[in-house]
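The values are calculated or read from the model by the stated rules, or taken from the named source; none is laboratory data. Just so it is clear, the structure is predicted and the values come from calculations on it, not from any experiment. Neighbour counts run over all protein chains shown; Cβ positions are idealised from the backbone, glycine included.
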Amino acid sequence: MSRTAMGQNPVEKHRRDVRWKIVAPVVASVVGLAAVGVLLIIGVAAGALVFEQVSVIMGILATAFIALPLALICIVPYLAFGALAVGTGKLYARTRTPLRAARRFTERVSARTQRTLPRLARPVIALNTRLARWEHTLLGWQRTALQAGKDDRHE
């Protein structure tokens with residue numbers, strides 16, 4: 001099946017969206033800002049602009065020159081998160097095989113442990129049962145000895 005039949009390649013679509021929705025507005029604003037600056041310089045050089053007009057336009061340009069770095073500063077975290085996402089995807093692609101191997105190894109160890117644990121636990125359970133019987137027997141002897149030596153005369 002061809003790509004046109006299935007739809008667009010998502011990677012190419014994403015790259016095109018990034019170019020048109022993120023990079024293009026930033027480039028357009030920089031080009032526009034540079035064009036206004038060049039027009040201003042030409043206007044001042046030709047003597048067509050008065051000082052007050054230049055100061056108003058320079059105030060507007062100053063605002064733009066302050067806003068543009070702030071906008072770029074706001075874009076930097078998005079770029080960092082994008083790079084982190086790409087790096088995470090590539091890292092996962094490289095670690096997928098070792099993760100599968102570790103999961104299979106863990107499953108084998110778990111299955112073997114479940115098979116052998118009852119055999120290993122039987123002697124411990126038997127020892128615990130014997131100790132509990134001895135404890136019960138010894139406590140029983142102590143109680144009978146205490147009751148036999150008990151003085152009931154004062155009652």
Regarding LEU84, is this residue under 30 Å from ARG15 (Cα atoms) and at pLDDT 90 or above? yes
Any residue in region 41-66 that's under 25 Å from VAL27 (Cα atoms): show its pairings with residues that are surrounded by 13 or more Cβ atoms within 10 Å (Cβ to Cβ) and polar (S, T, N, Q) at Cβ separation under 9 Å, as long as the two are six or more apart or on different chains. GLY43/GLN53; ALA64/SER29
Only one of these is over 25 Å from VAL11 (Cβ atoms), in a helix (DSSP H, G or I) and out of contact with any helix residue (DSSP H, G or I) (no Cβ under 6 Å at 6 or more places or on another chain): ALA64, ALA93, ALA45. Name it. ALA45
Please state which one of ILE57, ILE66, ILE73 is aliphatic (A, V, I, L, M), closer than 20 Å to ARG19 by Cα and out of contact with any Phe, Trp or Tyr (no Cβ under 8 Å at 6 or more places or on another chain). ILE73
Within region 39-54, work out how many residues are among the small types (Gly, Ala, Ser) and either surrounded by 10 or more Cβ atoms within 10 Å (Cβ to Cβ) or in contact with a Ser or Thr (Cβ under 6 Å, 6 or more places away or on another chain) (or both). 1
Quick count over region 1-20, residues being modelled with pLDDT under 80 and in a helix (DSSP H, G or I), is 4
Could you run through region 76-102 and say how many residues are small (Gly, Ala, Ser), within 30 Å of ILE22 (Cα to Cα) and surrounded by fewer than 11 Cβ atoms within 10 Å (Cβ to Cβ)? 6
Does at least one position in region 116-139 carry a residue that is under 22 Å from the mean Cα position of the chain (by Cα) and either at pLDDT 85 or above or more than 30 Å from LEU33 (Cα to Cα) (or both)? no
